[in-house]
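The structure appears below as structure tokens.
The values are calculated or read from the model by the stated rules, or taken from the named source; none is laboratory data. These figures come from a predicted structure and were not determined experimentally. Using ideal geometry, Cβ is built from the backbone for each residue, glycine included, and neighbour counts are taken over all protein chains shown.
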Number of protein chains: 2
Amino acid sequence: MKLTVIKIGGNVIDNQEFCTQFLQDFSEIPAPKILIHGGGKIATQMAEKLGIETVMVDGRRITDKAMLDVVTMVYGGLVNKNLVAKLQSFGTNAIGLTGADGGVIRSIKRPVKTVDYGFVGDIEAVDSTQIAGMLKQGLTPVCAPLTFDKDGNMLNTNADTQAQAVATAMAKEYEVNLVYCFEKKGVLSDPEDDDSVISELKPADYEAHKASGAIYKGMIPKLDNAFKALEEGVAQVTICHAGEVKQAVKEGISGTRLTLS
Amino acid sequence: MKLTVIKIGGNVIDNQEFCTQFLQDFSEIPAPKILIHGGGKIATQMAEKLGIETVMVDGRRITDKAMLDVVTMVYGGLVNKNLVAKLQSFGTNAIGLTGADGGVIRSIKRPVKTVDYGFVGDIEAVDSTQIAGMLKQGLTPVCAPLTFDKDGNMLNTNADTQAQAVATAMAKEYEVNLVYCFEKKGVLSDPEDDDSVISELKPADYEAHKASGAIYKGMIPKLDNAFKALEEGVAQVTICHAGEVKQAVKEGISGTRLTLS
């Protein structure tokens, strides 16, 4: 059976009008499906209002206890519940989940090596049976980028990684189509040219584009996650613009399609 | 089949040590069970930090858009997810829900009569089939005092009323034991004497205690909800101290037991 797993980033969430359009498009994609969302700027803005400093290392947020409370509130509450309520109004029976809910995604607090990321979780286990049970009840999970550990702590978790982990776990039972939506039309061969979309990307091309500097910064961990999903049994992985999610899912003709060979 | 529905108020949530003890006790109560929680002082404190004024009328919070965002964050995110993660660590497979999640509790924005309560929901429908489906999957729903409307809005909702509505809806399929936990040992015949617990309260006694002034203020809507649940098919309703929840559920010997005759 087919399952669509879609990840949206903060850029979709931060633009209310665009987000509503995305959710309407998402609602038209046939179930079973799962939505995984990032955080967006709201957590940073909320932290600022509360006088909590945001510290980023290599584009990753350092999550001390005060920041953990902020992301738990903002990602797990404000963002997640508003997405769920909007989806309900479009006829999608959404259910908001953090990893703690139903114990679906358990992680461990990242060990301190050179950087102490604080309350950040590295995913250990995804309960695909529990998630499949929800899908079979007609529900559409909407996952916030938060997980939990055995000791009862919430942990901040990267949404791209979470999408990969969920898609991979579900691939045991489903033919999974994983779509990473972001603000570009796909992976670009020329970062200066928004139309230079690579329609098909193989590992060898990926290495070449990294070496030339065409693929850089935040695209690298995203693509590492995307290729990992393919290697671990996900049937199809696409990276496309959030505004083209329907085309990407229904026709597979949008953005960049990843292939292993 | 038996089902236990337990409501805890803000006083449990506000005291972290006591809350942990309560969650441990709750974990020892046999499933199926549902936990419904109030908000506590955190929303008011958070609103204050964010420069949002809290306005109460007759003990009820006026919820403008800014306050709705605060309660959605705090109740649906911070409070709910920390309860869920803690319960997971005690071996209870909890799943945090607002009314929007799975569409379990739908409401309508309260019509403006003399007071405009803002984004406050009056419950219209509880999807007992969806909730029963979760219970049958081995999950323990943990409900935040938030619902949603057909137009995709989140709505602030009184937790006592939500407990009554959920218990009543589930009574179609289960023999429901509803327990309201709060900071007193039960309903008191003398509000000055904490040991004057009424062990059994009938509607006629309730009227007499209201007339004498022994039962007043916030106890009145709580008891109105509690009696409504009994009238509408809930098998057993108890009001007790949160520290005595195990005794109340297992032996029915704690606090005040409500009866219709």
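Looking at A:PHE90, A:PHE26, which one is of a type in the set (Phe, Trp, Tyr) and either within 11 Å of chain B (Cβ to nearest Cβ) or at positive phi (or both)? Before the answer, list the steps.
On the way: A:PHE26 fails: either within 11 Å of chain B (Cβ to nearest Cβ) or at positive phi (or both).
Within the list A:PHE90, A:PHE26, the selection yields A:PHE90.
Is there a residue in region B:245-258 that is among the small types (Gly, Ala, Ser) and in contact with a Lys or Arg (Cβ under 7 Å, 6 or more places away or on another chain)? Talk me through it step by step, then tell me what you get.
So in region B:245-258, the residues among the small types (Gly, Ala, Ser) come out as B:248, B:252, B:254-255.
Then keep just the ones that are in contact with a Lys or Arg (Cβ under 7 Å, 6 or more places away or on another chain); that gives B:255.
Yes; the residues of region B:245-258 include at least one that is among the small types (Gly, Ala, Ser) and in contact with a Lys or Arg (Cβ under 7 Å, 6 or more places away or on another chain).
Tell me the residue from A:PRO221, A:PRO191 that is modelled with pLDDT under 95, more than 17 Å from the chain's Cα centre (by Cα) and within 28 Å of A:ILE62 (Cβ to Cβ), please.
Details: A:PRO221 fails: more than 17 Å from the chain's Cα centre (by Cα).
Unique residue meeting the criteria: A:PRO191.
Which residues, taken from region B:24-55, are free of Cβ contacts under 8 Å to residues at least 60 places away in the same chain and among the polar types (S, T, N, Q)? If you could, list the steps in order and put the result at the bottom.
Quick first cut of region B:24-55, residues free of Cβ contacts under 8 Å to residues at least 60 places away in the same chain only: B:30, B:40-55.
Correct list: B:THR44, B:GLN45, B:THR54.
Going by the structure shown, is A:GLY59 among the small types (Gly, Ala, Ser), surrounded by 23 or more Cβ atoms within 10 Å (Cβ to Cβ) and within 17 Å of the chain's Cα centre (by Cα)?
Values: among the small types (Gly, Ala, Ser): yes; surrounded by 23 or more Cβ atoms within 10 Å (Cβ to Cβ): no; within 17 Å of the chain's Cα centre (by Cα): yes.
The answer is no for A:GLY59.
Name every residue in region A:176-227 that is farther than 28 Å from A:CYS19 by Cβ and either touching a residue at least 60 places away in the same chain (Cβ under 8 Å) or touching an Asp or Glu at 6+ places or on another chain (Cβ under 7 Å) (or both), in order of residue number.
Passing the criteria: only A:ALA214.
Just the residues that are within 11 Å of chain B (Cβ to nearest Cβ), in contact with a Leu (Cβ under 9 Å, 6 or more places away or on another chain) and outside any helix (DSSP H, G or I), please, taken from region A:42-86.
Passing the criteria: only A:LEU50.
Please give the number of the condition A:LYS113 fails out of (1) within 11 Å of chain B (Cβ to nearest Cβ); (2) more than 22 Å from A:GLY152 (Cβ to Cβ).
Condition not satisfied by A:LYS113: (1).
Identify all residues within region A:116-155 that are more than 13 Å from chain B (Cβ to nearest Cβ), farther than 25 Å from A:ILE42 by Cα and of a type in the set (Val, Ile, Thr); write none if there are none.
So the first thing to find is which residues in region A:116-155 are more than 13 Å from chain B (Cβ to nearest Cβ), and the list is A:116-118, A:120, A:122-124, A:126, A:128.
After this cut, where a residue has to be farther than 25 Å from A:ILE42 by Cα as well, the list is A:124, A:126, A:128.
Correct list: A:VAL126 only.
Mind checking which residues of region A:147-184 are modelled with pLDDT of 95 or more, assigned to a loop (DSSP other than H, G, I, E, B) and in contact with a Gly (Cβ under 8 Å, 6 or more places away or on another chain)?
A:ASP149, A:THR157, A:ALA171, A:LYS172 - these are the residues of region A:147-184 that are modelled with pLDDT of 95 or more, assigned to a loop (DSSP other than H, G, I, E, B) and in contact with a Gly (Cβ under 8 Å, 6 or more places away or on another chain).
Which numbered condition trips up B:ILE108, out of (1) more than 12 Å from chain A (Cβ to nearest Cβ); (2) not in a strand (DSSP E or B)?
(2)
Might you check whether a residue that is among the acidic types (Asp, Glu), part of a loop (DSSP other than H, G, I, E, B) and over 24 Å from A:ASP58 (Cα atoms) occurs anywhere in region A:224-234? Talk me through it step by step, then tell me what you get.
Within region A:224-234, the subset among the acidic types (Asp, Glu) is A:224, A:231-232.
Now restrict to residues that are part of a loop (DSSP other than H, G, I, E, B): A:232.
Then drop every residue that is not over 24 Å from A:ASP58 (Cα atoms), which leaves A:232.
Yes, some residue in region A:224-234 is among the acidic types (Asp, Glu), part of a loop (DSSP other than H, G, I, E, B) and over 24 Å from A:ASP58 (Cα atoms).
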